[in-house]
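The values are calculated or read from the model by the stated rules, or taken from the named source; none is laboratory data. No experiment lies behind these values; they were computed from the predicted model shown. Note that each Cβ is placed from the backbone with ideal geometry, even for glycine, and that neighbours are counted across all protein chains shown.
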Amino acid sequence: MRRFVIFGILMLASVCVFGQGLFTVFDTVHIGEVVSYGSLQKYQSGAKIEQISTRQFEQSKDGNLEQLLSRTLPIAFKADAGGLATIRIRGSAPDHTSINFGGININSLTLGQTNVSNVPLYLFDNVSVQFGSASSVNGSGSIGGAIHLGIQNKWTDGFRGEARVSHGSFGEQLYGTKLFFGNGKFESGTRFYYYAKKNNFPFMNPNYRDFENQIFEIKDRQQNANVENYGLLQELNYRFNRDEYFTFNIWLEKDWHLIQQNMQTNLSSPEMREDLTDDHIRALAAYKNRKKPFKFEISGGYVYDNSVNNHNTADTIQTQRIIGEAFAEHDFRKNASYKVGAKATRIYPTVYAYSASLDHEDRIDFYASYYQRFFQKLTATVNLRQGFVTGFDVPFTPALGLSYLAFSKEKYVLSISGNISRSYRVPTFNDRFWVPGGDPDLKPEKGMSYELGAKWSYCTAGVSGNIQVNAFWMDVDNWLLWKNGGAFWYAENVQKVESKGIELMTDWHYQILGLSFESGLNYSYNPAERVESINETNALNRQLEYVPLHSGNIYTTANLHSFDFTIDGRYSDSMYTDEEVKNVLDPYFLLNATVGYKLKINDQNKLRISGMVRNLLDTAYQTSWGYAMPGINYRISVTYNFK
């Protein structure tokens, strides 16, 4: 497995050729701007950024973002069986992580978060995750981290395509196609998928009560939890020359699911049926000029989000965004550069429960970044960001990062990094304008983050790999919650939260008896506690809800010619689910196995067949209190690539 990790602009790249023992270290790694919307940025020294490996991404393309990240990184999720999942990076809240497609943060402006079950992997080529504060680069809502969904422009000359079919347990199915056409300068890319799942899995329901026979659970089957999503991503790109090009992307998405009822309701009212439909339009056009030493980019976008519950179109929940951004970058010396830019957004909310006086809101961000490398050993970056929101005070968010090449030998290198940054989140439209309960005078949530990391890379003729350790500390003030006021719920800044911990990540490549292996282990120790609260609570100085103290995953892949076999496991510690010392979720371990075969028909046509068994041990577990999860299940997929 290959991981790209930025410790500032001073990054270490190792190239290891088995059998020859070649190991080369470069001062910097340059990632082409065209390659991915989620390209790792050089102005973030000391920030921990992980890109999911190609193999792990390929094995998860039939699923969604939650299914990928929960298996590959030590990140916590609160999820049901497929309709809803929210992310919690380093103990932060779901609305503390921005999810980015190009220059668009796709988080809902009304709720402040994304249902990551509705983010399809098939439409994208890569996913990268930034752990820790990213507000100085990504703006509001990046207190805990940021996720980037990437697509890769290959400037196709001719025609190529892909067709994918996947079927699995409980009515799961995916149909997808990708078609690319171009002449080397112009490229059109069309990506489409359809995903559906009946979700009618069996489970043991513990809510049955037969006191006479002392029976307190019964075999049950999940009802009315169907999922049906489909989307289209269209790309139109034109390259004037190697360093100058125009890109246009539009992502159309329609997500529908029956809201899964908890086990109690599923038993007592199996006919209960409630649905939710989300429609999205996300369009982005950009002109990019990468001619050195002075580079610049101008982009514009439009976002439409609409949510309908139970077909009730009268209760409108809709927002529209118009986005414009421009920045310039200047490499004024060999080892130094700066970047300045501005981003403006006008938002038109149309929500039935908002005040009629709210017509629109304007948001403007100004940002500046500086990069400097000293003596081929030390890299420093500075990021500054100041935002302005109509009728709202936004804090100034600076960030400072350092990375240092401690030593470099023939077989191994060691780098050390650190980062200090401020972060913030503007309260959502619901928080400020929902009637009743919203409060326009709410304070922004403010965070302060500190990070220290070290990475050791090793390579010989038969073994190569990395060991990475990161320690972090983050506090978030003015943490916002909705409180029960009796007559109605209302939003208020109520508490201060501290989250700290250690993350260990490893990946190794080696050969045994002619087999090539890739193995890795990821582990997180994350005490996250509310340390102050104006609410009376029993949960002060106790682990936050839905944040496991210990979590991790482990994997091994074996390759032999055209065959590959992967086994991976995921562990989550016990989790509180409310502020009382009850309804605590048990720890669990999930085991999965995947086998794949690649068939090269000829130079123009390739076929891949893969099968996966999930929850191999048939573990009974929950990640959201009271909601059933499927036991052992399978998925088989066939992918055909052609030119």
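The table below lists the values:
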quantity	calculated
Wholly within the range 194-306, strands (runs of 3 or more DSSP E) carrying at least 1 residues that are within 24 Å of Gly150 (Cα to Cα), in contact with a Ser or Thr (Cβ under 9 Å, 6 or more places away or on another chain) and polar (S, T, N, Q)	227-241, 244-258
Check on Gly569, surrounded by 15 or more Cβ atoms within 10 Å (Cβ to Cβ) and over 20 Å from Gly63 (Cα atoms)	no
Number of positions in the range 577-597 that are modelled with pLDDT of 95 or more and farther than 24 Å from Pro630 by Cβ	1
Condition check for Ser637: modelled with pLDDT under 95, among the hydroxyl-bearing types (Ser, Thr, Tyr) and out of contact with any Pro (no Cβ under 6 Å at 6 or more places or on another chain)	no
Residues being among the small types (Gly, Ala, Ser), in a strand (DSSP E or B) and touching a residue at least 24 places away in the same chain (Cβ under 8 Å) - total across the range 338-360	2
Members of the range 312-333 found to be in a loop (DSSP other than H, G, I, E, B) and touching a Ser or Thr at 6+ places or on another chain (Cβ under 8 Å), listed by number	Thr316
Test set (1) within 28 Å of Asn183 (Cα to Cα); (2) surrounded by 14 or more Cβ atoms within 10 Å (Cβ to Cβ); (3) not aliphatic (A, V, I, L, M) - Asn224 fails condition number	(1)
Enumerated strands (runs of 3 or more DSSP E) restricted to the range 1-93, each holding at least 1 residues that are at pLDDT below 50 and surrounded by fewer than 18 Cβ atoms within 10 Å (Cβ to Cβ)	14-17, 22-25
Residue list for the range 253-270, filter: under 17 Å from Lys197 (Cβ atoms), surrounded by 18 or more Cβ atoms within 10 Å (Cβ to Cβ) and hydrophobic (A, V, I, L, M, F, W, C)	Trp256, Leu258
Lone qualifier among Asn526, Asn538 - being buried (at least 16 other Cβ atoms within 10 Å of the Cβ) and among the polar types (S, T, N, Q)	Asn526
Hits in the range 541-564 - residues which are in a loop (DSSP other than H, G, I, E, B), more than 23 Å from the chain's Cα centre (by Cα) and of a type outside the set (Ser, Thr, Tyr)	Asn541, Arg542, His561
Scan of the range 94-110 for residues that are among the hydroxyl-bearing types (Ser, Thr, Tyr) and in a loop (DSSP other than H, G, I, E, B), ordered by number	Ser108, Thr110
The one condition in (1) among the polar types (S, T, N, Q); (2) closer than 28 Å to Thr177 by Cα; (3) in contact with a Gly (Cβ under 9 Å, 6 or more places away or on another chain); (4) surrounded by fewer than 21 Cβ atoms within 10 Å (Cβ to Cβ) that Asn115 fails to fulfil	(4)
First in the range 213-233 and closer than 15 Å to Met629 by Cβ and touching a residue at least 40 places away in the same chain (Cβ under 8 Å), second anywhere and surrounded by 14 or more Cβ atoms within 10 Å (Cβ to Cβ) and acidic (Asp, Glu), Cβ under 8 Å, 6 or more apart	Ala225/Asp80
Pair list, Cβ < 7 Å and 6+ apart or interchain, from the range 321-337 residues that are not aromatic (Phe, Trp, Tyr) to residues that are not in a strand (DSSP E or B)	Ile323/Gly103; Glu325/Gly103; His330/Pro293; Asp331/Lys292; Asp331/Pro293
Condition met for Phe327 (under 24 Å from Ala283 (Cα atoms), surrounded by 15 or more Cβ atoms within 10 Å (Cβ to Cβ) and hydrophobic (A, V, I, L, M, F, W, C))	yes
Considering residues of the range 361-404 that are farther than 24 Å from Val340 by Cβ and assigned to a loop (DSSP other than H, G, I, E, B) only, the residue modelled with the highest pLDDT	Lys377
Condition met for Asp362 (within 29 Å of Phe246 (Cβ to Cβ) and loosely packed, with under 15 Cβ neighbours inside 10 Å)	yes
Criterion violated by Ser166 - all others in (1) part of a loop (DSSP other than H, G, I, E, B); (2) modelled with pLDDT of 95 or more; (3) crowded, with 21+ Cβ neighbours inside 10 Å satisfied	(1)
Meets criteria (more than 22 Å from the chain's Cα centre (by Cα) and either at pLDDT 95 or above or within 18 Å of Pro349 (Cα to Cα) (or both)) for Asn262	yes
Hits in the range 549-569 - residues which are farther than 23 Å from Ser516 by Cα and either charged (D, E, K, R) or touching a Leu at 6+ places or on another chain (Cβ under 9 Å) (or both)	Gly552
